[in-house]
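Participant: Just passing along the structure, written as structure tokens.
The values are calculated or read from the model by the stated rules, or taken from the named source; none is laboratory data. Predicted model only: the values in this text are computed from it and were never measured. Glycine gets a Cβ as well: all are built from the backbone with ideal geometry, and neighbour counts include every protein chain shown.
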Amino acid sequence: MFKSLLAGSAVALLLFSAVPADVQAAGDDYVAPMKALAKDKVQSWISNPVVINAIKAQNAAHASFSQGQIDKLDKQWRAETKSGSKPLINKVLSNQLSAFLKKIQDDSKGLYTEIFVMDNKGLNVGQSAMTSDYWQGDEAKWQKTFQAGPGAIHIGKVSQDESTQRFQSQLSMAITDPVTNQVIGAVTVGVDVEQLLH
């Protein structure tokens with residue numbers, strides 16, 4: 001047992017030592033800058049009519065969806081990520097909201113690593129790039145924002161992105177209808193923590 005504890009500690013130490021010194025030194029200090037980013041930047045563009053109208057339209061279109069239908073779409077999406085044919089993925093990636101989110105990500109000059117907006121069931125409405133799944137409703141990014149009410153923010157742990165080798169955290173927020181102040185969806189923004197802390 002002692003050997004397995006030592007091995008576990010060694011793995012944890014190796015993983016931690018792979019994190020850049022400035023991110024290590026920050027500890028949980030990235031949380032305050034993430035919250036500031038949410039209020040100062042993200043909040044301004046998630047209230048844009050392009051975002052609000054797209055979510056409301058999808059909420060209306062999916063109002064009668066059962067969990068079985070959601071699971072079927074999620075399964076289709078996951079299969080399409082490994083296929084040459086991507087009708088569902090292409091439909092989402094080619095919509096107006098996805099184009100808007102891609103521009104927001106491009107304009108961030110690397111600060112945002114990904115952006116996706118979810119509806120009131122946790123299904124993707126638009127995204128800046130392809131996600132691995134279509135339904136986020138079983139994950140904290142949706143449960144701790146959409147289900148928590150107006151103003152809810154959830155900040156994920158720092159992890160290394162396999163494709164970019166950068167250290168990022170996911171910032172998720174509830175999205176409210178500015179007219180009714182009712183939560184209609186949520187957004188997740190991947191944030192390059194190294195860039196945020198500089």
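Participant: Filter the stretch 48-87 for residues that are farther than 20 Å from residue 138 by Cα, part of a helix (DSSP H, G or I) and in contact (Cβ under 8 Å) with a residue 24 or more places away in the chain and give the result.
Facilitator: Of everything in the stretch 48-87, those that are farther than 20 Å from residue 138 by Cα, part of a helix (DSSP H, G or I) and in contact (Cβ under 8 Å) with a residue 24 or more places away in the chain turn out to be 50, 51, 52, 54, 56.
Participant: When residue 195 is evaluated against the numbered criteria (1) of a type outside the set (D, E, K, R); (2) more than 24 Å from residue 82 (Cβ to Cβ); (3) modelled with pLDDT under 95; (4) crowded, with 18+ Cβ neighbours inside 10 Å, which criterion, by number, is the only one it fails?
Facilitator: (4)
Participant: Go through the stretch 157-191 and count every residue that is of a type in the set (Asp, Glu) and surrounded by 20 or more Cβ atoms within 10 Å (Cβ to Cβ).
Facilitator: Final tally of qualifying residues: 0.
Participant: Working carefully through the options 80, 114, 139, find the one that is among the acidic types (Asp, Glu) and more than 20 Å from residue 173 (Cβ to Cβ).
Facilitator: Among 80, 114, 139, only 80 is among the acidic types (Asp, Glu) and more than 20 Å from residue 173 (Cβ to Cβ).
Participant: Let me ask you something else. I'm trying to understand the selection: among the residues of the stretch 87-115, which are basic (Lys, Arg) and either over 27 Å from residue 192 (Cβ atoms) or exposed (fewer than 11 other Cβ atoms within 10 Å of the Cβ) (or both)?
Facilitator: Passing the criteria: 91, 109.
Participant: Only one of (1) over 16 Å from the mean Cα position of the chain (by Cα); (2) modelled with pLDDT of 95 or more is not met by residue 172, so which one is it?
Facilitator: Every listed condition holds for residue 172 apart from (1).
Participant: It is to be established whether one or more residues within the stretch 30-45 are at pLDDT 95 or above, in a helix (DSSP H, G or I) and farther than 30 Å from residue 198 by Cα.
Facilitator: Checked against the condition, which is being at pLDDT 95 or above, in a helix (DSSP H, G or I) and farther than 30 Å from residue 198 by Cα, the stretch 30-45 yields no hits at all.
Participant: Here's a check for you: in the stretch 137-152, which residue that is under 24 Å from residue 99 (Cα atoms) and in contact with a Ser or Thr (Cβ under 7 Å, 6 or more places away or on another chain) is surrounded by the most Cβ atoms within 10 Å (Cβ to Cβ)?
Facilitator: Kept after step one, since they are under 24 Å from residue 99 (Cα atoms), are these residues of the stretch 137-152: 137, 141-142, 145-146.
Still in the running and in contact with a Ser or Thr (Cβ under 7 Å, 6 or more places away or on another chain): 141, 145.
Details: 141: 22, 145: 25.
Top of the filtered list is 145.
Participant: Moving on to the next point. Would you check if residue 122 is in contact with a Lys or Arg (Cβ under 7 Å, 6 or more places away or on another chain), closer than 23 Å to residue 75 by Cα and surrounded by fewer than 24 Cβ atoms within 10 Å (Cβ to Cβ)?
Facilitator: no
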